[in-house]
Amino acid sequence: MARVIGGVATSHVPAVGAAIDNGRQEEPYWAPYFEKIEPAREWMAAARPDVCLVVYNDHASAFSLQVIPTFALGVAPEFPPADEGYGPRRVPVADGHPEMAWHLAESLILDEFDITIVNEMTIDHGCTVPLSIFYGQPDAWPCKVIPLCVNVIQYPPPTGHRCHELGKAIRRALDAYPGDERVVVFGTGGMSHQLQGERAGLVNLEFDQRFTDRLINDPETQAKVPHAEYLRDAGTEGIELVMWLAMRGALDPEVRTAYRMHHVPTSNTSNGLLVLENA
Ligand code: DHB
Ligand code: FE
C-alpha cells in the first residue's frame, strides 16, 4: 500500500518560476512572498515523499487546442519542461514512476474514470512552478513525479465534484498499490485570477478565504459549487481551483492544516498555498 502522507496546494504563477530561475527572490516585490513559502519548503524537506502526484493543468503546451483531454495521466519515465515561448525553464527533467502511473491508470479507468493515458509529454508552469515552490532549485527533483492533467482551459471543464471524486479514486488506487512508497498529492492553480478581458487582474480575497476554509473542513459542500460561481466570483482562471478538490479527495475526511498562507500581489493572481496532513 502506498501511503498518502500529505496533500499540498499552490497557485502556479509563471512569474514566480521566473523569479526563482533568475535569482530575483530577494527583490522587494518578491521577498515577502518567498519568506512566506519557507515553512512549506521546510515541511516538504521533512516529509521527503518518494512520489509527488501533481494534479495540474496544461496551458496549451503539451496539448495544443487540437486535442483536449479532460483528465490525462503521464505514464512516461520522464517529463521534460515545456517550451512555453521563452525556451524551456531551466529546471530538471522530472523522473516519472511508470509502474505506479500504470497502476493508477488501470485502477482509475476500472473505477470508471475515463483517463487519457499519455506515454510522452512535457510539463509546463502548471506543474513545474509548484515543484519549484516546494523544492527550490535542486539539480534533480528529489522525488518521482506523476503528472495528472485536468482540462480547465476549454469549456466544459470537469466539475469540482468530479475532481473531488477523482481524488477519492486516486486514494483507493494508492491504497491498493503493492509498493510502500510515500506520496504527496498536489492540487495546483488558482486562486482568484483573471488574465484577460475587462476584469483582468480580478482578485477576491473573500472568495479565496471561504474556498480554503470549506476545502479543509467541508469539501463535500465546496464540491457542489458550480462553475458559474467560480467564474463570477474568482474570475475566469479561478476555475483552476477545482484541481485543489482532487488533492482534498485523496486525503482522509478529517485533516490537519500544517501550513496555510496567502499573498498578494504576485503578477495577476491571488496566490494561496496550503499544506494538509491526514488528522
Ligand atoms: C498567471 C497565472 C496563471 O495561472 C497562469 O497560468 C498564467 C499567468 C499570472 O498571474 O500571471
Ligand atoms: Fe494557470
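So that you can scan it fast, the table gives a plain yes or no per residue for (1) crowded, with 20+ Cβ neighbours inside 10 Å; (2) assigned to a helix (DSSP H, G or I):
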position: 65; (1), (2): no, no
position: 73; (1), (2): yes, no
position: 85; (1), (2): no, no
position: 91; (1), (2): yes, no
position: 99; (1), (2): no, yes
position: 112; (1), (2): no, no
position: 131; (1), (2): yes, yes
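How about region 200-217: which of its residues are among the charged types (D, E, K, R) and within 16 Å of ligand 2 (Cβ to nearest atom)?
Once the filter is applied, which keeps residues that are among the charged types (D, E, K, R) and within 16 Å of ligand 2 (Cβ to nearest atom), region 200-217 yields only 208.
Just need a number here: residues in region 218-244 that are within 16 Å of ligand 2 (Cβ to nearest atom), aliphatic (A, V, I, L, M) and within 18 Å of the chain's Cα centre (by Cα).
Result for region 218-244: 5.
Which residues, counting only those in region 31-63, are closer than 24 Å to residue 265 by Cα, within 16 Å of ligand 2 (Cβ to nearest atom) and open to solvent by 20 Å² or more (accessible area, probe 1.4 Å)?
Of everything in region 31-63, just one residue is closer than 24 Å to residue 265 by Cα, within 16 Å of ligand 2 (Cβ to nearest atom) and open to solvent by 20 Å² or more (accessible area, probe 1.4 Å), namely 59.
Give the number of residues within region 188-230 that are surrounded by fewer than 17 Cβ atoms within 10 Å (Cβ to Cβ), assigned to a helix (DSSP H, G or I) and among the aliphatic types (A, V, I, L, M).
2
Condition (residue is within 16 Å of ligand 1 (Cβ to nearest atom) and either of a type in the set (Gly, Ala, Ser) or open to solvent by 60 Å² or more (accessible area, probe 1.4 Å) (or both)) applied to region 164-186: is it met by at least one residue?
Taking every residue of region 164-186 in turn, none turns out to be within 16 Å of ligand 1 (Cβ to nearest atom) and either of a type in the set (Gly, Ala, Ser) or open to solvent by 60 Å² or more (accessible area, probe 1.4 Å) (or both).
List pairs: first in region 1-20 and open to solvent by 10 Å² or more (accessible area, probe 1.4 Å) and within 11 Å of ligand 2 (Cβ to nearest atom), second assigned to a helix (DSSP H, G or I) and aromatic (Phe, Trp, Tyr), Cβ under 8 Å, 6+ apart or cross-chain?
Listed pairs, sorted by first residue: none to list.
Starting from residues that are assigned to a loop (DSSP other than H, G, I, E, B) and buried (at least 16 other Cβ atoms within 10 Å of the Cβ), keep the ones in region 114-127 and report whichever is farthest from ligand 1 (Cβ to nearest atom).
Among those residues, the one meeting the criterion is 115.
Of all residues in region 101-110, count the ones that are open to solvent by 20 Å² or more (accessible area, probe 1.4 Å) and within 20 Å of residue 3 (Cβ to Cβ).
Number of matching residues: 4.
The values are calculated or read from the model by the stated rules, or taken from the named source; none is laboratory data. Quick caveat: nothing in here was measured; it's all calculated off a predicted structure. Using ideal geometry, Cβ is built from the backbone for each residue, glycine included, and neighbour counts are taken over all protein chains shown. The protein model used for the area step is the full one, side chains on, heavy atoms only, and it has no ligands, DNA or RNA in it. Shrake-Rupley method; radii C 1.70, N 1.55, O 1.52, S 1.80 Å.
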